[in-house]
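One structure is given here, and the rest of the page talks about it.
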Amino acid sequence: MRVLHVCTEVYPVVKTGGLADVTSALPLALTKLGCDVRILVPGFPSFQEYLIDKKLVFELPPRFNAFSIRVFVGTLPTNGLTVYFIDAPGLFDRPGNPYTNASNQDYLDNYRRFALLGWIAARLAEGMDTSWVPDVVHAHDWHAGLAPAYLRASEFWLKRKLAGSVFTVHNLAYQGNFPGHAFSEIDLPPHFFGVDGVEFHGQLSFIKAGLMYADKITTVSPTYAKEILRPENSFGLNGVLQKRIDDISGILNGVDTDVWNPAADEAIAIQYGLNSLASKAQCKTALQKETGLKVQNDAPLFCIVSRLAVQKGLDIVLDGLPEILGMGGQLIVLGTGDTSLESAFRNIAYAYPQSVSIHTGYDELKSHRVIAGSDIILLPSRYEPCGLTQLYGLRYGTLPLVHRVGGLADTVVNSSDENIKARTATGFTFDGFYYDAFMGSVRHAFALFKRKKEWQQIQHNAMRQQFTWEAAAKRYLALYEQVYRSHKPVS
Ligand code: ADP
Ligand code: GLC
């Protein structure tokens, strides 16, 4: 089975969030199951620099405002994955964030940039690389949403079946909606701009394209797959999702244990595992020293490693901070995004330098030190398609405190008395995005933190959890087989 993953980010080359973790770990896990996987990405400068053994595969006349279009294939030196990248001067050769300019504004021509990504996926499915033609195209998030539409368009023009397609929604809130007139520039048949196509309230919608034209749709956790079917969680896409209800399923993300493993993590002060959990205290001390917090082991150290976005619900932490600090807690924030959240945390860190520390910016190694050195990781997200940092927290014995939604509900078990007794407790969950619910959970964590034996038992339960990419890859493979069987090309 040949599967082409289409996406904009791949760890460790280009990463703005969890998508990148998924698009490196999942292809690798699929490869281990015998699937023949390749990835297609835009030729952002970092991909061009990072990939090795690059070879030109094909060249096409300019379109979508690119000066030229050349598709190369190369290898990711970290894991040997084969990656196609589109070298399109004028479109992708821009430094920094893949989606936004230096002032953090979306590029106005994003519709052309990511239309080209989907369009090339269809060319590969048509056989432009004669040595490798995908059976299934797996598109991730809105940026790749047009890939299934271009596949259908190609089939319409060529009158033959091409690859089957899967579209994964990592976050329904990010939709890639553009003014309707953009449709005339993206090379789809006119009848695709309709209510059963890519048109969304007069706009061109990339996510709707993925949702309408893919053979199967997945989300990154089972609970999120159910949640988005409720109108209030559908970000306006309820009608579309209801139409596709029978083709939607949730497959939980996993943890890349080559990257996130406290027993072999070279980024942290001292490695530790289930049988050497006492060493975690040294990671805490090192982290407190590094961030200028008061060195103390007897008070819980909370952390946040996150995009600072409304989705993540961090305003509730700001509301709760006076009480958290009053109870003797400490907080480290590693995050970047919304400037008002950044400055709110910065002001508190300025007033309480021994208790609160904020590091704005993106720092992969620091994220490991923060997660290893903290006692509790906070994810009070308003909604969370899956969430990965709670899974990293579990592995590192850093108990997640989460709003019980989406993937957080699927992965964290509350430390209720019964669950502690049954040895299933792995963290703290609260229901409803309310101050009292959140703080009730925080107070519960403070109380349990004092009961050292029980705390350690919960850490053990957490560290034993197995959220593997192998399990996820098996489910994707079954889905690919289903799609392939029902979408077999006619020879
Ligand atoms: P989302 O994709 O919604 O941002 P996830 O929990 O799925 O949330 O994934 C976030 C990923 O980004 C994790 O790998 C996390 O460690 C990483 N991350 C988030 N913020 C930072 C940061 N400031 N520095 C380093 N890594 C970060
Ligand atoms: C999105 C979601 C996050 C998920 C990640 C990877 O960014 O916000 O919940 O873990 O994609 O699938």
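The values are calculated or read from the model by the stated rules, or taken from the named source; none is laboratory data. The model shown is predicted, which means the values in this text are computed figures rather than measured ones. Cβ: placed from backbone, ideal geometry, glycine included. Neighbour counts: every protein chain shown. For accessibility, only protein heavy atoms count, side chains too; no ligands or nucleic acids. Shrake-Rupley method; radii C 1.70, N 1.55, O 1.52, S 1.80 Å.
The table below gives the values:
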read-out	value
Test result for Phe72, over 20 Å from Val166 (Cα atoms) and under 22 Å from the mean Cα position of the chain (by Cα)	no
Test: residue in region 468-475 that is open to solvent by 10 Å² or more (accessible area, probe 1.4 Å) and outside any helix (DSSP H, G or I)	yes
Selection count where residues are away from ligand 1 (no atom under 11 Å from the Cβ) and touching a Lys or Arg at 6+ places or on another chain (Cβ under 8 Å), scope region 368-395	6
Residue satisfying condition, being within 16 Å of ligand 2 (Cβ to nearest atom) and of a type in the set (Val, Ile, Thr), within set Ile348, Ile377	Ile377
Residue satisfying all of: in region 104-132; open to solvent by 10 Å² or more (accessible area, probe 1.4 Å) and over 24 Å from the mean Cα position of the chain (by Cα); nearest to Leu91 (Cα to Cα) among these	Arg123
Members of region 281-308 that are open to solvent by 20 Å² or more (accessible area, probe 1.4 Å) and either over 13 Å from Arg369 (Cα atoms) or not assigned by TED's automatic domain parsing to the domain that holds His444 (or both)	Gly292, Lys294, Val295, Gln296, Asn297, Asp298, Ser306, Arg307
All positions within region 198-234 that are in contact with a Phe, Trp or Tyr (Cβ under 9 Å, 6 or more places away or on another chain), open to solvent by less than 20 Å² (accessible area, probe 1.4 Å), outside any strand (DSSP E or B) and away from ligand 1 (no atom under 16 Å from the Cβ)	Val198, Phe206, Lys208, Ala209, Gly210, Leu211, Ala214
Residue that is hydroxyl-bearing (Ser, Thr, Tyr) and within 20 Å of Asp141 (Cβ to Cβ), where the choices are Thr78, Thr31, Thr82, Thr23	Thr23
Cβ pairs under 9 Å, 6+ apart, first in region 3-21 and closer than 15 Å to Tyr99 by Cα, second within 7 Å of ligand 1 (Cβ to nearest atom) and of a type in the set (S, T, N, Q)	Gly17/Asn171; Leu19/Asn171
Matching residues in region 145-196 - criterion: being buried (at least 20 other Cβ atoms within 10 Å of the Cβ) and in a loop (DSSP other than H, G, I, E, B)	Gly145, Leu162, Ala163, His170, Asn171, Leu172, Gln175, Gly176, Ile186, Leu188
Count - residues of region 2-16 that are within 16 Å of ligand 1 (Cβ to nearest atom), open to solvent by less than 20 Å² (accessible area, probe 1.4 Å) and touching a Lys or Arg at 6+ places or on another chain (Cβ under 8 Å)	1
In region 310-337, the residues that are within 16 Å of ligand 2 (Cβ to nearest atom) and either assigned to a helix (DSSP H, G or I) or open to solvent by 50 Å² or more (accessible area, probe 1.4 Å) (or both)	Val310, Gln311, Lys312, Thr336
Meets criteria (open to solvent by 60 Å² or more (accessible area, probe 1.4 Å), over 26 Å from Pro385 (Cα atoms) and in a loop (DSSP other than H, G, I, E, B)) for Ala278	no
Per-region count, region 242-274, residues more than 15 Å from ligand 2 (Cβ to nearest atom) and either closer than 30 Å to Gln465 by Cβ or more than 23 Å from the chain's Cα centre (by Cα) (or both)	21
Qualifying residue in region 285-301 (condition: within 16 Å of ligand 2 (Cβ to nearest atom) and not hydroxyl-bearing (Ser, Thr, Tyr))	no
Unique residue being out of contact with any Leu (no Cβ under 8 Å at 6 or more places or on another chain), assigned to a helix (DSSP H, G or I) and either open to solvent by 50 Å² or more (accessible area, probe 1.4 Å) or within 15 Å of ligand 1 (Cβ to nearest atom) (or both) when the list is Asp258, Asp246	Asp246
Filter result (open to solvent by less than 10 Å² (accessible area, probe 1.4 Å), free of Cβ contacts under 8 Å to residues at least 60 places away in the same chain and away from ligand 1 (no atom under 16 Å from the Cβ)) within region 406-454	Ser415, Ala425, Thr426, Phe428, Phe430, Ser441, Leu448
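Quick grid of which residues meet (1) at pLDDT below 95; (2) closer than 15 Å to Val10 by Cα; (3) touching a strand residue (DSSP E or B) at 6+ places or on another chain (Cβ under 6 Å):
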| site | (1), (2), (3) |
| --- | --- |
| Leu33 | no, no, no |
| Val37 | no, yes, yes |
| Leu40 | no, yes, yes |
| Pro45 | no, yes, no |
| Glu49 | no, yes, no |
| Lys54 | no, no, yes |
| Thr75 | no, yes, yes |
| Thr78 | yes, yes, no |
| Val83 | no, yes, yes |
